[in-house]
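Everything on this sheet refers to the single structure shown next.
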Amino acid sequence: MTAAKWRNALGTATTILLIGLPMIVVGRPTYDEDIDPFTGENNSRVVLSAEGAYFDEKVSIVWQCSADDLVVSLEHVRLSGDDDEVIVRTKIGDAAASEPRRYPLASSHHATQIDAADGRALTKGAVSADEIMIRIVDPGAEETLTSTFVTTNLRSVLARLACFP
């Protein structure tokens, strides 16, 4: 089934459950609890998937604690990058879009790690705005992903993470 047919059949804010993968509710922040039963380490995360996102164009913002720091990353389809980097711009609410910033791709090329200062700014903006937009440009493949995220209830879901202020 093509992405267009999935859009028509499913609409937006649809829950899609895949065997072996956590359930993500598209368009709403989701708390994904993950406590390591052996070490007791808390690997829980908050995932915000783009409104109307589908498998071939899906981008999600992920917040997770690393020690006491809140780490922000973007999960997306496989991108090749230019020297394993992509260009990211954000737009928070009605504000102007940010300047382009280069970030490294994860080794899988399915995620992009946002640096700490930009992650804090993105989080602060996301919890205070009604929506944010993110554009990822893959200069290696000349591909662009643009996603809109509705941030309703994001603050209350992020508050479940121990490292969220």
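The values are calculated or read from the model by the stated rules, or taken from the named source; none is laboratory data. Note that the coordinates shown come from a computational prediction; the quantities given were computed from them, not determined experimentally. All Cβ positions, glycine included, derive from the backbone under ideal geometry; neighbour counts span all protein chains shown.
VAL59 meets each of the listed conditions (1) modelled with pLDDT under 90; (2) surrounded by fewer than 17 Cβ atoms within 10 Å (Cβ to Cβ); (3) under 22 Å from ALA141 (Cβ atoms) apart from (2). If you go through segment 19-39 and pick out every residue that is in a loop (DSSP other than H, G, I, E, B) and at pLDDT 90 or above, you end up with 6.
Look at segment 100-126: where a residue is within 18 Å of LEU154 (Cα to Cα) and a partner is modelled with pLDDT of 90 or more and in a loop (DSSP other than H, G, I, E, B), sitting 6+ places away or on another chain with Cβ atoms under 7 Å, you get LEU122/ILE114; ALA126/THR151. Out of the residues in segment 119-136 that are under 24 Å from ARG78 (Cα atoms), touching a Lys or Arg at 6+ places or on another chain (Cβ under 8 Å) and aliphatic (A, V, I, L, M), which is surrounded by the fewest Cβ atoms within 10 Å (Cβ to Cβ)? Result: MET133.
Within segment 137-147, being of a type in the set (A, V, I, L, M, F, W, C) and buried (at least 16 other Cβ atoms within 10 Å of the Cβ) holds for VAL137, LEU145. For segment 85-118, filtering for residues that are more than 14 Å from ILE61 (Cα to Cα), surrounded by fewer than 17 Cβ atoms within 10 Å (Cβ to Cβ), among the charged types (D, E, K, R) and touching a strand residue (DSSP E or B) at 6+ places or on another chain (Cβ under 9 Å) leaves 3.
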